Amino acid sequence: MNTTQRAVLIRAYGRADAAKVAEIAKPEPGPAQVLVRVRAAGINGIDWKVREGYVRDAFPLQLPAVLGIELAGIVEAVGHGASRFQVGDRVMGPVGGLGAYADFVTVNEANLSLTPEGLNDVQAAAIPVAAVAAWQSLHHAGPIRSGQRILIHGAAGGLGGYAVQYAKRAGAQVFATVSTAHIEYVRSLGADHVIDYQTERFEDIARDIELVLDYVGGGVLDRSWQVLTKTGAIVGTSSPDILARTPAGRRGFWFVNTPDAALLEKLAADIATGALKSKVSEVVRFEDIPAAIERNRTASHAGKVVADFSL
């Protein structure tokens, strides 16, 4: 029996060449865990941020560490006390930490949901983190109401695409910043005002905003305070230091995704039926995961990039 497996890991923080394909030991499921044979895994911005040590204070790691935070696959084995799934079940979900870029991964069964029949593994792997995090971050600062003016930075990305749809479902008026190439895609998701950040300044268009969802970070965060109402809030997923950068008397929130299997099941069902749009923009091979992580850092893309482990 083969006791080793492929994995994409970092042994030290660094740039593109810090993430490497290597051989590691195949794990065994612990109590309340299942062992998943991974068939596909989603590429996320957190991958390169972890790789570079950008979020080392928010997410301390013991190195070497296997990257990857979401997966879809088949239950290979069930640990003691695990009862939600059986061997052979198709499942999807967040790892609840790192480690998805490996052929076999142990996951707490509470994090996982059954993959709907209408979704293949590549489609399923694009959903767990972005769909749930977009929902949670949208509601992080308080309930959403009809007519609320919401600005979404990075609206074409995995998180942003879902957030636009959720906000429109709630009756909000959605402003969205995107690159030129993705204007029509974001407009098709229902955004009311699509702002091309390559040719326009969002500060000149978005006014009296009550909620900003900042999926971009950097200088975009600092520029966003001026478009908010006095009681408005910014929820950030890309700036761990957002609290330190929040002006006195303003509302800034650092958001970290929390696994929610019940919510994931509901959202995945909506995607399977077509009630909610999910976009896979690129499918890569396992050995190309390090390069895909770097492209996530350097290039704008719509939807999600997914690694298909069968290629």
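General observations
- For first residues located in the stretch 285-307 and open to solvent by 50 Å² or more (accessible area, probe 1.4 Å), partners that are of a type in the set (D, E, K, R) and in a strand (DSSP E or B) and lie 6+ apart or on another chain with Cβ distances below 8 Å form the pairs R285/D308; H301/E282.
- The residues of the stretch 70-104 that are of a type in the set (V, I, T), more than 17 Å from N257 (Cβ to Cβ) and crowded, with 21+ Cβ neighbours inside 10 Å, listed by number, are V75, V91.
- Those strands (runs of 3 or more DSSP E) of the stretch 17-116 in which 3 or more residues are within 15 Å of V129 (Cα to Cα) and at pLDDT 95 or above occupy 33-43, 70-78, 90-94.
- Any chance T229 is buried (at least 16 other Cβ atoms within 10 Å of the Cβ), of a type in the set (S, T, Y) and over 18 Å from the mean Cα position of the chain (by Cα): no
- For the stretch 204-215, the tally of residues that are open to solvent by less than 10 Å² (accessible area, probe 1.4 Å) and over 22 Å from the mean Cα position of the chain (by Cα) stands at 2.
- Any hit, the stretch 201-209, residues being at positive phi and touching a strand residue (DSSP E or B) at 6+ places or on another chain (Cβ under 6 Å): yes
- Every test in (1) within 12 Å of the chain's Cα centre (by Cα); (2) surrounded by fewer than 23 Cβ atoms within 10 Å (Cβ to Cβ) is passed by R149 save one, and that test is (1).
- Matching residues, the stretch 1-23, being touching a strand residue (DSSP E or B) at 6+ places or on another chain (Cβ under 9 Å) and surrounded by fewer than 17 Cβ atoms within 10 Å (Cβ to Cβ): T3, T4, R11, K20, V21, A22, E23
- Residues being more than 21 Å from A269 (Cα to Cα) and surrounded by fewer than 23 Cβ atoms within 10 Å (Cβ to Cβ) - total across the stretch 105-136: 2
The values are calculated or read from the model by the stated rules, or taken from the named source; none is laboratory data. These numbers were taken from a predicted model, which means no experiment stands behind them. Neighbour counts run over all protein chains shown; Cβ positions are idealised from the backbone, glycine included. Note: areas computed on protein heavy atoms with side chains; ligands, DNA, RNA excluded. Shrake-Rupley method; radii C 1.70, N 1.55, O 1.52, S 1.80 Å.
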